[in-house]
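Inspection log for the structure reproduced underneath, given as structure tokens.
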Amino acid sequence: MTTPVVFVHGLWLHHTSWQPWVDLFKESGYDPVAPPWPGEPDTVEEAVANPGPMGGYGVSAVADHYASLINSLGAKPVVIGHSFGGLIAQVLLSRGLAAACVAIDPAPIKGVLPTPISSLRVASVALRNPANLKGTVGLTPAEWRYGFTNTRKEAEATELYERCAMPSPGRPLFQAAFANFNPAAETKVDLRQLDRGPLLITAGGHDHTVPASVSRYTAKLHRRSPAVTAVKLFPDRDHSLTINSDWREVADYALTWLKQYGVS
């Protein structure tokens, strides 16, 4: 049976942003899908015009949404997530639903202690208004430039904003920000599993949204388990590393790593 792959996007991106990855993984012999989050419409344009249906969804609700899809596949998939999608991918791995996990510059799970100023600056887009807990929040071009495309040339940053940026639910940002004060935090994962699949965590050396220190600490937590936990630093990358013109380097590394651990 062909190994399924489930791609999980993060905040401010649409599920169609994974399409180049879907095409590449299909060419490489996998059976990939990139489902939307709950309430997410078919296009970026629709999401920008009417973001309301996406509001209020948190980490557990999104993870449950993807778990239902996984349970219909007939085989454990590889789960690949970016940013908050990377956090949700770890939740799914922790639930025993993934054969392997690639968490690309993932949002912090419960227990991650570093709180870089740049991360707080990005998260403040939602956290400064409690109403965003039940609603959606978008990024201005300047906020996008800081949070996603700070290493890209101006023309590419503008093109990516116009093609990819959309509002997203604010609740996950509140959940991540206060997780270490909440015993029942939805961002909590089982860090001592003996039999989980291999986990690859990536870090971008110039990522403002999820700095490399967050990714490294996430990996440190996961190493409480004897299962495989690997870290890959892309030293020149920002948070747009799954969608910018150099996305293929990250995707090729993930493919090579999966084959190294027999998930192909």
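The values are calculated or read from the model by the stated rules, or taken from the named source; none is laboratory data. Note that the structure is predicted; figures quoted are calculated from it, not measured. Because the Cβ atoms are built from the backbone with ideal geometry, glycine has one as well, and the counts that use them run over all protein chains shown.
Filter region 43-79 down to residues that are part of a loop (DSSP other than H, G, I, E, B), over 29 Å from Met1 (Cβ atoms) and not β-branched (Val, Ile, Thr) and give me whichever is nearest to the chain's Cα centre (by Cα).
Filtering region 43-79 down to residues part of a loop (DSSP other than H, G, I, E, B) leaves 43, 50-51, 55-58, 72-77.
Next, only the ones that are over 29 Å from Met1 (Cβ atoms) stay: 43, 50-51, 55-58.
If we keep only those that are not β-branched (Val, Ile, Thr) as well, we get 50-51, 55-58.
Values: Asn50: 23, Pro51: 19, Gly55: 18, Gly56: 18, Tyr57: 15, Gly58: 14 Å.
Filtering first and then ranking leaves Gly58.
Kindly check whether there is at least one residue in region 203-216 that is touching a strand residue (DSSP E or B) at 6+ places or on another chain (Cβ under 9 Å), surrounded by fewer than 19 Cβ atoms within 10 Å (Cβ to Cβ) and under 27 Å from Lys76 (Cα atoms).
Yes; the residues of region 203-216 include at least one that is touching a strand residue (DSSP E or B) at 6+ places or on another chain (Cβ under 9 Å), surrounded by fewer than 19 Cβ atoms within 10 Å (Cβ to Cβ) and under 27 Å from Lys76 (Cα atoms).
So which residues in region 165-195 are of a type in the set (D, E, K, R) and either in contact with a helix residue (DSSP H, G or I) (Cβ under 7 Å, 6 or more places away or on another chain) or closer than 24 Å to Val137 by Cβ (or both), if there are any at all?
Of all residues in region 165-195, those of a type in the set (D, E, K, R) come to 171, 186, 188, 190, 192, 195.
Scanning region 165-195 gives Arg171, Glu186, Lys188, Asp190.
For region 180-201, state whether one or more residues are touching a residue at least 60 places away in the same chain (Cβ under 8 Å), in contact with an Asp or Glu (Cβ under 7 Å, 6 or more places away or on another chain), small (Gly, Ala, Ser) and under 26 Å from Leu258 (Cβ atoms).
For region 180-201, residues touching a residue at least 60 places away in the same chain (Cβ under 8 Å), in contact with an Asp or Glu (Cβ under 7 Å, 6 or more places away or on another chain), small (Gly, Ala, Ser) and under 26 Å from Leu258 (Cβ atoms): absent.
Please identify the pairs in which a residue from region 55-80 that is among the basic types (Lys, Arg) has its Cβ atom under 9 Å from the Cβ atom of a residue that is in a loop (DSSP other than H, G, I, E, B), counting only partners at least 6 apart or on another chain.
Between residues of region 55-80 that are among the basic types (Lys, Arg) and residues that are in a loop (DSSP other than H, G, I, E, B), the close pairs are Lys76/Thr3; Lys76/Gly96; Lys76/Leu97; Lys76/Ala98; Lys76/Ala99; Lys76/Gly197.
Only one of these is in a loop (DSSP other than H, G, I, E, B) and either at pLDDT below 95 or surrounded by fewer than 20 Cβ atoms within 10 Å (Cβ to Cβ) (or both): Arg152, Arg121. Name it.
Numbers: Arg121 fails: in a loop (DSSP other than H, G, I, E, B).
When all the criteria are applied, what remains is Arg152.
Any residue that is outside any helix (DSSP H, G or I), touching a Phe, Trp or Tyr at 6+ places or on another chain (Cβ under 6 Å), in contact (Cβ under 8 Å) with a residue 24 or more places away in the chain and buried (at least 23 other Cβ atoms within 10 Å of the Cβ) - is there at least one of those in region 166-175?
Quick first cut of region 166-175, residues outside any helix (DSSP H, G or I) only: 166-170.
Narrowing the set further to residues that are touching a Phe, Trp or Tyr at 6+ places or on another chain (Cβ under 6 Å) leaves 168-169.
Of the ones still in play, those that are also in contact (Cβ under 8 Å) with a residue 24 or more places away in the chain are 168-169.
Keeping just the survivors that are buried (at least 23 other Cβ atoms within 10 Å of the Cβ) gives 168-169.
Yes, because at least one residue in region 166-175 is outside any helix (DSSP H, G or I), touching a Phe, Trp or Tyr at 6+ places or on another chain (Cβ under 6 Å), in contact (Cβ under 8 Å) with a residue 24 or more places away in the chain and buried (at least 23 other Cβ atoms within 10 Å of the Cβ).
Surrounded by fewer than 23 Cβ atoms within 10 Å (Cβ to Cβ) and at pLDDT 95 or above: which single residue out of Ile80, Ile88, Ile104, Ile70 fits that description? Spell out how you get there, then give the answer.
Numbers: Ile80 fails: surrounded by fewer than 23 Cβ atoms within 10 Å (Cβ to Cβ); Ile88 fails: surrounded by fewer than 23 Cβ atoms within 10 Å (Cβ to Cβ); Ile104 fails: surrounded by fewer than 23 Cβ atoms within 10 Å (Cβ to Cβ).
Going through Ile80, Ile88, Ile104, Ile70 in turn, the sole match is Ile70.
Scan region 201-223 for residues that are within 17 Å of Val102 (Cβ to Cβ), outside any helix (DSSP H, G or I) and of a type in the set (Val, Ile, Thr) and jot them down.
Ile201, Thr202, Val210
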